[in-house]
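First the structure, in the form of structure tokens, and then the observations on it.
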């Protein structure tokens, strides 16, 4: 099975009526110049030229398309120019194309892409073969496209004319039963709130369990790329069918709440175990520290300790601290470890002290002696409406006092959170 990734945008305005012109044919677009008609050579185009398979003219702005019915400029590199010109897009100029708001405004064999009528073609760029395209596709091919615009159109009358007032088998308390499948591809197209049939409408979400395109039986699933195969996608919503292609996952409502921060590393994804101090943000939260819900619960997690510094004697320093606080960082706590990276064990007593910008101070005894490469238990230093807090390690015989102080800067920490 071959996956075809189309470099094009499906602009699904889904308007209830044509706002420009309905039932357009090529002859109506300017028969004296064959404007926008398909062509093989410029001799077929009168005053215009054959560019990218259409009778048109080159352009840099809409003004260059004056005199062409509904002509607008699809500038070089734009979605509509790339779709119309396919793999030759980079070597072609911007071109004039008929303006549209939906496919109803385009002639047969055209679709509305990014506000312009373009020729439907299988020559779209395919990253899998370097942009050469395969010249066609079978019904077994898997297609992936980007959907540009959604609307909340009501369900068509012909879909529900034989249905009762309430969807059969639907439960008001179970939203998973609110779907209506109008195109028969087994994926619901419309969502009927509280099971009322005539109120069914298109969901306005770029994710979920509903059909991503209602007028194409092949395209049906919201998907997102999952290049590293860890089960968490990178979040870009795309539409695929007739099956979910390899290298993608279904972008359900639950999956849309997660985003892989490194989709090339299967060990990195939301929910992964984060090792404190290893330099990697494995769980995609809280930088190099575990997510705060894990820290605050006192759960155990792996800690990576760096090698000895070579300092002759005791060398205590902070690992962390991690900041866990409310949204505006008015209230919270600092969490971290004190580590001995020196060549000798520390004295029996290690004191952690702290003071805020107003001179309020406190301290606590952390542990007994720390050997080389050992760490104290996790410490917690609470803060409340502070703009700055200084943490200091006090231990006898520390051979490098430059790394035993940590300053927490929190400029807005004493301001009222208004949003």
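The values are calculated or read from the model by the stated rules, or taken from the named source; none is laboratory data. As the structure is a prediction and not an experimental result, all values here were calculated from the model. We place every Cβ from the backbone using ideal geometry, glycine too, and count neighbours over all the protein chains shown.
Quick look at the numbers
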item	result
Residue selected from segment 245-261 under the condition in a loop (DSSP other than H, G, I, E, B) and free of Cβ contacts under 8 Å to residues at least 24 places away in the same chain, by the criterion surrounded by the most Cβ atoms within 10 Å (Cβ to Cβ)	261
Condition met for residue 237 (under 29 Å from residue 159 (Cβ atoms) and touching a helix residue (DSSP H, G or I) at 6+ places or on another chain (Cβ under 8 Å))	yes
Selection status of residue 412, surrounded by fewer than 18 Cβ atoms within 10 Å (Cβ to Cβ), at pLDDT below 85 and more than 44 Å from the chain's Cα centre (by Cα)	no
In segment 120-153, residue farthest from residue 201 (Cα to Cα) [restricted to those that are in a loop (DSSP other than H, G, I, E, B), modelled with pLDDT of 75 or more and in contact with a strand residue (DSSP E or B) (Cβ under 7 Å, 6 or more places away or on another chain)]	141
Residue selected from segment 162-203 under the condition surrounded by fewer than 11 Cβ atoms within 10 Å (Cβ to Cβ) and within 23 Å of residue 238 (Cα to Cα), by the criterion modelled with the highest pLDDT	176
Any strands (runs of 3 or more DSSP E) falling wholly within segment 321-419 and containing at least 3 residues that are farther than 24 Å from residue 278 by Cβ and not assigned by TED's automatic domain parsing to the domain that holds residue 296	350-356, 361-367, 379-384, 388-394
Filter result for the condition that a residue is in contact with a helix residue (DSSP H, G or I) (Cβ under 6 Å, 6 or more places away or on another chain), part of a strand (DSSP E or B) and modelled with pLDDT of 80 or more, over 112, 117, 96	96
Residue under evaluation residue 163, criteria (1) touching a strand residue (DSSP E or B) at 6+ places or on another chain (Cβ under 6 Å); (2) touching a residue at least 24 places away in the same chain (Cβ under 8 Å); (3) assigned to a loop (DSSP other than H, G, I, E, B), criterion not met	(1)
The lone exception for residue 80 - which of (1) buried (at least 17 other Cβ atoms within 10 Å of the Cβ); (2) in contact (Cβ under 8 Å) with a residue 40 or more places away in the chain; (3) in contact with a strand residue (DSSP E or B) (Cβ under 8 Å, 6 or more places away or on another chain) it fails	(2)
Output for segment 293-320, where each listed residue is closer than 22 Å to residue 390 by Cβ and in a helix (DSSP H, G or I)	295
For residue 293: the one exception among (1) closer than 23 Å to residue 260 by Cα; (2) touching a residue at least 12 places away in the same chain (Cβ under 8 Å)	(2)
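Residues checked against (1) surrounded by 17 or more Cβ atoms within 10 Å (Cβ to Cβ); (2) in a helix (DSSP H, G or I); (3) within 20 Å of the chain's Cα centre (by Cα):
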{"site": "214", "(1), (2), (3)": "yes, no, no"}
{"site": "217", "(1), (2), (3)": "no, no, no"}
{"site": "223", "(1), (2), (3)": "yes, no, yes"}
{"site": "229", "(1), (2), (3)": "no, no, yes"}
{"site": "233", "(1), (2), (3)": "yes, no, yes"}
{"site": "239", "(1), (2), (3)": "yes, no, yes"}
